[in-house]
1. Once the other residues with Cβ under 12 Å from the Cβ of Ile34 are scored (Lys, Arg +1; Asp, Glu -1), what is the net sum?
2. Roughly what % antiparallel, to the nearest 5, for the DSSP beta bridges in the chain?
3. Using a Förster radius of 41 Å, what is the FRET efficiency between Asn179 and Tyr231 based on their Cβ-Cβ separation? Nearest 0.05, please.
4. Report the gain in length on full extension from Lys326 to Glu187: 0.36 nm times residue separation, minus Cα-Cα distance, nm rounded to one decimal.
5. Taking all pairs of distinct Cα atoms, average 1/r, flip it, and tell me the Kirkwood hydrodynamic radius of region 265-393 in Å to one decimal place.
6. 7 Å from Cα along Cα→Cβ at both Lys168 and Tyr209: what's the point-to-point distance in nm?
7. Taking 51 Å as R0, compute the FRET efficiency from the Cβ-Cβ separation of Glu265 and Ser71 and round it to 0.05.
8. Quick one: grab Rg to one decimal and Dmax as a whole number for region 129-251, Cα atoms only, in Å.
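What follows is calculated from the coordinates using simple rules that are stated; it is not laboratory data. Because the structure is a prediction, the values reported are computed rather than measured. Note that each Cβ is placed from the backbone with ideal geometry, even for glycine, and that neighbours are counted across all protein chains shown.
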Amino acid sequence: MKKHIKYLLFLPLVMVMIACGGSEEEEVGNPNGIKISGSLEGENANGTKVSLWVFETDEDRIVDSAVVKDSKFTLWTDTKELREYAIQFEGSGDLIYLFPDETAGNIEVSGKYPGLSNDYEVIGDQNSIDYRNYWMFIRPIYDLREAYFMSYQGANQADTSMVNGLKKSIDSLFNEGRNYAIKYIDEKPGSPISWIMLQEFYPILGLEYFDSLDLDYFRKVSKEMQAKYPYSDYYNYVDQSIEGTLAQLEALKGNGGGDLAPELEYPNPDGKMVSLSSLRGQVVLIDFWASWCGPCRMENPNVVKTYNAYKDKGFTIYSVSLDTEKDKWIQAIEADNLMWPNHVSDLKGWQSEAAAKYGVNSIPATFLIDKEGKIIDQNLRGVRLEQKLQEILG
């Protein structure tokens, strides 16, 4: 939703079955957890498998599951401490995210099935209500902003009137999300939803448009979350984002000059460690992607085309996957014909250390590194990437 909400709906889920429908545990419940009740509208709801996933530091796992009967289901968390949960509805692709903590009562979720991801109601937990309201507000803005951004990338850069018009529209939509986040964070800086909303401070056009003063909101959220949830890792994620963002801003100073891009070294599909610094002397595109990310897979043919055009001129790609399942990662590499050798992943999904270092909050995300290992541009794709490589490599 952490740095993940924009494309978290595509997260791969390891299908572990924990049958509890009709069991004594379902009736008695878990005294150490929180009860989640669901009420669904729709002829196809009955018989649907429902799973409750929890996202933790080192794993994503199912904590409970049930089958919809008489349009209802019941799930239980295994703790009352703050966690990020997702209710998955097998067969429809619907996911609902919840963020209960010690203040939550019994949670009730309701809506039409299928289609809950687009419109649902939740009561019993203020964090989850706040997230629901945020998601309903921001989803159409994301869709429209992405459409403008795709047009911006494909636009003739010589047509300044069109480019400036698209940029103005993107900036306007960005400010809508940013203003929403500022208002909420000012009111509830210690909320886990404030942590999620920090993504609204990252401009879609690139970190060069980032206002470094906005890091004060990051610091406020980190401080308040550490005080409110001292047992959690959320404030650490915020601190990592601050460090990564500062490093990138420093590297972007001047005309491509600045500090070296943060080092990355992670295993490839064969388990061999591959470092970013080992590619020094080449122009490198760091490409953050995942097998489950639809926009990433759609962009891959363009990445392959660019690689083939410039690989003999000193250009290569360092692909960082935010997958959690090795098999799906490898299958996507093969299916999309990503033939360059530098594929790495720590298989931690949105908990990726590399993503934290580079402040990546949505994918696809790219960073262009010069032969000296310095960041010279970011979020270049398609025509804009080719133009930049033509300028550098001829």
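1. Details: positive: Lys35, Lys80, Arg83; negative: Asp64, Asp78, Glu81, Asp101, Glu102, Glu108, Asp125.
Summing Lys/Arg as +1 and Asp/Glu as -1 gives -4.
2. Numbers: 38 of 53 bridges.
Of all bridge pairs located within the chain, approximately 70 percent are antiparallel.
3. Values: r = 32 Å, r/R0 = 0.78.
Calculated value: 0.80.
4. Values: separation 139, 0.36 × 139 = 50.04 nm, distance 4.09 nm.
The span from Lys326 to Glu187 would gain 46.0 nm if fully extended.
5. On the way: mean 1/r = 0.0688 Å⁻¹.
Here the Kirkwood hydrodynamic radius works out to 14.5 Å.
6. 1.4 nm
7. Values: r = 51 Å, r/R0 = 1.00.
Here the calculated transfer efficiency is 0.50.
8. Every Cα atom of region 129-251 included, Rg and Dmax give 16.0, 53 Å.
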